[in-house]
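Let me begin by presenting the structure, written as structure tokens, before commenting on it.
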Amino acid sequence: NAADVDNKLCASSLDQGCQDYNLPVNDWAHSSLSVVVLGASGDLAKKKIFPALFALYYEGLLPPNVQFFGYARTKMTDVAFREMIAGTLTCRVNSRERCLEAQETFLQRCFYQAGSYDQQQGFISLNTRMSGQEASMPRANRIFFLSIPPNVFLDATGNAADCASSRTGWTRVIVEKPFGRDSDSSKELAEGLGRHLSEEQIYRIDHYLGKELIENLTVLRFSNSVFEPLWSRQHIRNVQVIFSENFGTEGRGGYFDRYGIIRDVIQNHLLQILALFAMEQPVSLDAEDIRSEKVKVLRSMKVVSAEDVVVGQYRAKGNLPAYLDDSTVPVGSLTETFAAVAMFIDNARWDGVPFLLKAGKALHKRYAEIRVQFRHVPGNLYRSKQGSNLDAHTNELVIRIQPKEAIYLKINNKVPGLGLRLDTSRLDLQYQSAFASNDLPDAYERLLLDVVNGDKRLFIRADELEAAWNLYTPLLHALEKNKVAPELYPYGSRGPVGAHYLAAKYGVRWG
Ligand code: NDP
Ligand code: BG6
């Protein structure tokens, strides 16, 4: 429970004494909040974390007594740090009032401490500076965001827990993927983190779970009587989860080459979507109930077989570079930048239904979507009006995660007018027109706010992670051991043709 968590942290702090345990956990009238970004000089901090923190601050969603600390090895003054992040802050809607003023007050709450991840001194100084800012409140709550490469996760966590965790409130730690490279390394990381933190304190982020349409997936399923009765092998022919980017590794080749697209996107983002899509209805909306259902469905899946995978790597096309042209990628690398996988769930609901996951970089366009293809209408009265290609006329539900968020259902409809001709039309919910979707919060905003509120629904539990790695580790090891050469595809194309053969093996056409 929360008190035990606090006590555990208290015991691990270098500072003396714990105080004020009688205060409620989120009593913001008497508590401060410090958000510390480790790796604050890096790409993710600038691109996502500080803009999301500012958006929450601007919307008035953070406690009144909040401050933000950057920590990294790069030497910088507070002023230089503020200048660095000032350039990243935006107000989502240009016409919003007081944006510049809010940016200014936000920046005044930002501080920077230089230090190493593997030495205590920097964390001790950080702790002193945080305590100074927190002094007006009896209770200080602290969030650490590990926006650093995985090789320094454990050192940084140990030093943060020992030297800079809160003495008077809770401390929560957000961990970014990669959570290891396979089952063993993930277990090692979990054990390492567990030496310093309790499971309650760890927030494993999968930012796809913070996306609007993914949040909506369970709403769509469990609060509409029209979908759930169709959500099974009786009515669904196949499900596709597609992630496509129209750019390559762009300077992240060093990181990417060690992981590849299966670890970078499929084993986490797409598998999480699949788990939410296929799980049974949870007992409640409580984080533990939802995550227990996700674990159940992950554990019901068949371990991915090498026969059910196609891997690809982009090659140059015109001026567009090959993966191997990236100077941070080792010569002759076999790392996959594209993969298509067929997965199966061995339970009564989904037996025999292919779930096809596809992810790739340097493809023809950037989008992510879920496509649900339904079965043929039995004894279809209108078959003679629809031609011989039955697949072209089955219903399809598309959930477009990004860009231009949308949910649409393809239905057969009579073409208006005399005569009887059928064609496919859409029942169409476009977020942009229905909800002014240019105002949608970024996934990191939702997730950071959940950490402040201690809501773990959208974070990965340790057993979920273990189940996810169990599904992919044998395949990943086999690809490496057998030095499987990826099928080359031109930059900007739809990916290797092998993906079509894989889908065809299960009677599926990619949407
Ligand atoms: P960066 O490579 O930019 O690293 C962040 C900071 O860590 C750097 O500014 C640097 O700060 C420090 N650092 C870099 N390399 C090392 C090293 N070898 N040893 C010690 N410190 C180092 O990472 P990102 O910001 O891109 O990502 C942060 C984390 O988030 C990573 O775990 C990444 O995998 C994950 N992630 C990133 C995404 C992205 O879009 N960028 C998306 C999803 C996850 P300094 O030298 O000042 O200490
Ligand atoms: C990250 C991957 O987790 O997700 C990146 O590491 C990928 O390779 C990114 O580009 C995609 O996120 P989004 O939100 O831009 O679709």
- Task: Take the alpha carbon gyration tensor of region 127-228, find the square roots of its eigenvalues, order them as a ≥ b ≥ c, and report rounded if a/c is under 1.5; if not, report prolate when a/b exceeds b/c, else oblate.
- Result: oblate
- Output ³J(HN,Hα) for region 205-211: one whole-Hz value per residue in order, computed from phi by the Karplus curve 6.51 cos²θ - 1.76 cosθ + 1.60 with θ = phi - 60°, and x for Gly and Pro. 8, 10, 5, 5, 5, x, 6
- Note on the structure: Percent antiparallel among DSSP beta bridges confined to the chain, nearest 5, equals 50
- Residues whose built amide H sits under 5 Å from the amide H of Glu487, excluding neighbours closer than 5 in sequence, are Val311, Gly312, Gln313
- Query: Given 0.36 nm per residue, what is the gain on full extension from Arg221 to His500 after removing their alpha carbon distance, in nm?
  - Reply: 97.5 nm
- Message: Using DSSP to call loops (not H, G, I, E or B), can you name the trypsin sites (Lys or Arg not before Pro) in region 143-204 whose Cβ has at most 12 other Cβ atoms within 10 angstrom?
- Response: Arg195
- Item | Restricting region 405-463 to trypsin sites (Lys or Arg not before Pro) in coil, as DSSP defines it, with at most 15 other Cβ within 10 Å | Arg421
- Query: Under the Karplus relation 6.51 cos²θ - 1.76 cosθ + 1.60, θ = phi - 60°, what is the ordered set of whole-Hz ³J(HN,Hα) values for region 65-78, x standing for Gly and Pro?
  - Reply: 9, 10, 9, 10, 10, x, 9, 6, 6, 4, 7, 7, 8, 4
- Item | Sum of side-chain charges, Ile290 neighbourhood, beta-carbon under 14 Å (Lys, Arg +1; Asp, Glu -1) | -4
- Note on the structure: Per the 1/(1 + (r/R0)^6) rule, R0 = 45 Å and r from the Cβ atoms of Arg375 and Ser327, FRET efficiency to 0.05 is 0.35
- Task: Just check region 161-302 against the gyration tensor rule for me: Cα atoms, a ≥ b ≥ c as the square roots of the eigenvalues, rounded for a/c under 1.5, and otherwise prolate or oblate depending on whether a/b exceeds b/c.
- Result: oblate
- Task: Take Ser186, Ser165, Ser147, Ser284 and order them by how many other Cβ atoms sit within 10 Å, fewest up front.
- Result: Ser284, Ser186, Ser147, Ser165
- Query: About its Cα centre, what dipole magnitude does the chain give when the only charges are +1 on Lys and Arg Cβ and -1 on Asp and Glu Cβ, stated in debye to the nearest 20?
  - Reply: 1840
- GluC sites (Glu not before Pro) within region 66-116, DSSP loop, no more than 14 other Cβ atoms inside 10 Å: Glu97
- Query: Leu363's amide H: which non-local residues (gap 5+, or another chain) put their own amide H closer than 5 Å, with H modeled 1.01 Å from N in plane and none for Pro or chain starts?
  - Reply: Glu245, Asn246, Phe247, Gly492
- Rg from C-alpha atoms of the chain, normalised by the globular rule of thumb 2.2 N^0.38 Å, equals 1.04
- How high is the relative contact order of the chain, in percent, counting Cα pairs under 8 Å that sit 6 or more residues apart? 17
- Pairs beyond 25 Å (Cα-Cα), from Lys211/Lys365; Lys177/Lys361; Lys187/Lys365: Lys187/Lys365
- Amide H of Val35: which non-local residues (sequence gap of 5 or more, or other chain) have their own amide H closer than 5 Å, using H built in the peptide plane? Gln67, Phe68, Phe69, Ile143
- Task: Output ³J(HN,Hα) for region 334-349: one whole-Hz value per residue in order, computed from phi by the Karplus curve 6.51 cos²θ - 1.76 cosθ + 1.60 with θ = phi - 60°, and x for Gly and Pro.
- Result: 9, 4, 7, 9, 9, 8, 10, 9, 9, 10, 9, 10, 8, 9, 5, 6
- Work out how far the C-alpha atoms of region 292-347 reach from end to end along every principal axis, then list the three figures in whole Å, largest first. 48, 23, 19
- Note on the structure: Rounded to the nearest 500, the 222 nm mean residue ellipticity computed for the chain from DSSP H runs (n ≥ 4, each -39500 (n - 2.57)) alone is -10000 deg cm²/dmol
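Each value in this text was obtained by applying a stated rule to the coordinates, not by laboratory testing. None of the values given here were measured: they were computed from a predicted structure. All Cβ positions, glycine included, derive from the backbone under ideal geometry; neighbour counts span all protein chains shown.
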